[in-house]
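To start, the structure under review is shown below, and the notes come after it.
No lab work stands behind these numbers, since they all come straight from the coordinates. Bear in mind the structure is a predicted one, so any value in this text is a computation, not a measurement. With ideal geometry, Cβ positions are generated from the backbone for all residues, glycine too; neighbour counts draw on all protein chains shown.
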């Protein structure tokens, strides 16, 4: 089973990753243009699955139209598999706060925290299902996505906690922290899938 430290060593051991992440993080701040950064991350995940190439690709080698369409696909998955749990958690928290007349205080937001915690597992799983055969329709096989998320969850718990921690601590730089954190999570979840394939 691959360790997070080993995966990070492969990611950050390649020269030039800082400038590539800087471009992706900068684009993540800008509406519509952030689709290019999402498309870039998808292309990286496909590259990693097909060629076991850990280095980030060159931005200049990417086709803008392909990045845009790929980014829109990733955005839909992000909206569905991350947005829905967070929205449901927020609605449950709001209802709990209303029913208890605010007496629970911050405790009433535990459903929102739970939804935010589950969201990355489902999103990472949907991407892995998508890139497995390159079929976008596969990513909407909810039962399969949930099964893979459950299988990966023991190894992804600490990375997901770290992702949210970094995102919240570096909130003014959310574009960079989101891009960097998502890159690491995608790489590590891909490594977990490599390990599972080798065991089968």
State yes or no: is residue 60 more than 19 Å from residue 136 (Cα to Cα) and without any contact (Cβ under 8 Å) to a residue 24 or more places away in the chain? yes
Are there any pairs, at least 6 apart or on different chains, whose C-beta atoms fall under 6 Å, with the first in region 166-180 and loosely packed, with under 15 Cβ neighbours inside 10 Å and the second part of a helix (DSSP H, G or I), and if so, which? none
Scan region 100-131 for residues that are in contact (Cβ under 8 Å) with a residue 24 or more places away in the chain and more than 18 Å from residue 39 (Cβ to Cβ) and report the count. 12
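So that you can scan it fast, the table gives a plain yes or no per residue for (1) crowded, with 20+ Cβ neighbours inside 10 Å; (2) on the phi > 0 side of the Ramachandran plot:
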| residue | (1), (2) |
| --- | --- |
| 6 | no, no |
| 20 | no, no |
| 32 | no, yes |
| 37 | yes, no |
| 44 | yes, no |
| 49 | no, no |
Only one of 74, 66 is more than 18 Å from the chain's Cα centre (by Cα) and under 18 Å from residue 139 (Cβ atoms), namely 66
